[in-house]
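Novice: Encoded as structure tokens, here's the structure I'll be asking about.
Computed from the coordinates by the stated procedures, all read-outs in this text should not be read as laboratory data. These numbers were taken from a predicted model, which means no experiment stands behind them. Glycine gets a Cβ as well: all are built from the backbone with ideal geometry, and neighbour counts include every protein chain shown.
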Amino acid sequence: MRTLPCRIGVVAVCVALGCALGGCGTTETKSTPDGNSGSTQTGGAATAASAQPKPKASVAGVGDSLTLEGADGLKMQVTLLDVIDPVAVGEFDAPEGNKRIVGVRIAMKNVSQTQYDDSPSNGSVLIYGADEQADPTILGEGECSGGFASSAKIAPGARRQGCIPFEVPKGGRPKVFQFTLESGFGPQAGEWSLRGASRATATSGSAGTAQTGTSKPVTAATGTDCGNGVFAGPNTSCPFAKNVRIAWRDAGGTPDTVRASSPVTNQTYTMTCDQSGGSVTCTGGDNASVTFKA
């Protein structure tokens with residue numbers, strides 16, 4: 001397991017203390033998704049496949065965006081794209097002891113005129129179990145590796161996305177993800193609920209299955225096989241999943257976001273898409289997720 005650079009490790013401690021004591025200059029915690037008029041929480045995991053349309057949850061979750069402020073006029077729209085639990089890791093990235101790697105994928109769009117130049121990992125906190133805090137780490141390979149977590153430069157109007165890995169004890173269920181600009185010292189902390197948000201990944205030695213912490217296997221693409229390489233995530237309908245792929249291909253096969261309609265709810269949803277290798281994963285709507293071949 002690679003150790004964090006000193007700057008990341010030290011600031012992560014400051015972030016932890018700031019969350020516990022209300023320090024580090026953060027004066028506001030935001031958890032209401034952008035564009036929400038304040039509707040009440042549905043009390044369950046609403047999805048694009050629900051039989052009846054439901055109000056959008058008042059607490060941010062997977063697919064939701066929070067616009068956060070920093071210093072010098074910096075303003076970033078941060079979207080929680082996905083939670084990967086567990087992350088498949090290589091031999092040299094395996095955590096020590098009774099731990100696993102959980103990855104949180106986010107997208108960041110600079111909606112200000114100020115350059116963003118920081119380490120997203122420094123401002124990230126993962127809460128699990130009995131309100132305990134997981135330690136961020138760095139991976140050398142796999143879908144949660146790369147330089148995004150440790151360093152990101154985002155010009156005004158630009159967008160970046162990537163995965164932030166955390167070491168979590170086995171059996172510890174992720175509950176909340178928090179993100180603050182200025183390496184955790186910004187005036188606003190965004191907070192997303194992670195209940196029911198985990199997406200399993202294939203592990204080495206498994207033939208098209210992944211373990212989610214139980215003995216029950218699920219498909220590597222996670223969800224129902226809708227045919228022709230399309231998989232609908234938990235509680236997401238196949239007709240909607242197929243419409244997402246059609247919308248993605250109609251847009252040229254490279255868009256960051258698409259809008260697709262659900263024949264089940266008769267609603268249109270915005271999905272954020274990420275292409276990795278030969279597959280595309282789109283998340284959004286009311287916690288819907290779709291995976292298909294590019």
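Novice: What's the extension gain from Gln275 to Gln113 if we count 0.36 nm per residue and subtract their Cα-Cα distance?
Specialist: 55.5 nm
Novice: May I pose another question? Which order, highest average first, do 145-152, 92-99, 228-235, 78-85 follow once you tally other Cβ atoms within 10 Å for each residue and take the mean per peptide?
Specialist: Result, highest mean Cβ count within 10 Å first: 78-85, 228-235, 145-152, 92-99.
Novice: Got a sec? Which residues in region 58-80 would a label at Ala158 touch, if it sits 7 Å along Cα→Cβ and we count backbone N under 17 Å?
Specialist: Answer for this model: 74-78.
Novice: A further question on this structure: Can you run phi through the Karplus equation (6.51, -1.76, 1.60; θ = phi - 60°) for region 146-163 and list ³J(HN,Hα) in whole Hz, with x for Gly and Pro?
Specialist: Karplus values, whole Hz, x for Gly and Pro: x, x, 4, 4, 8, 7, 9, 10, 10, 6, x, x, 8, 9, 9, 9, x, 10.
Novice: Among Val168, Val290, which comes first, second and so on when ranked by fewest other beta-carbon atoms within 10 Å? Walk me through the intermediate numbers first.
Specialist: Details: Val168 23, Val290 33.
Listed from fewest to most nearby Cβ atoms, that is Val168, Val290.
Novice: For region 221-293, what percent of Cα pairs sit more than 18 Å apart?
Specialist: Within region 221-293, distances greater than 18 Å cover 24 percent of Cα pairs.
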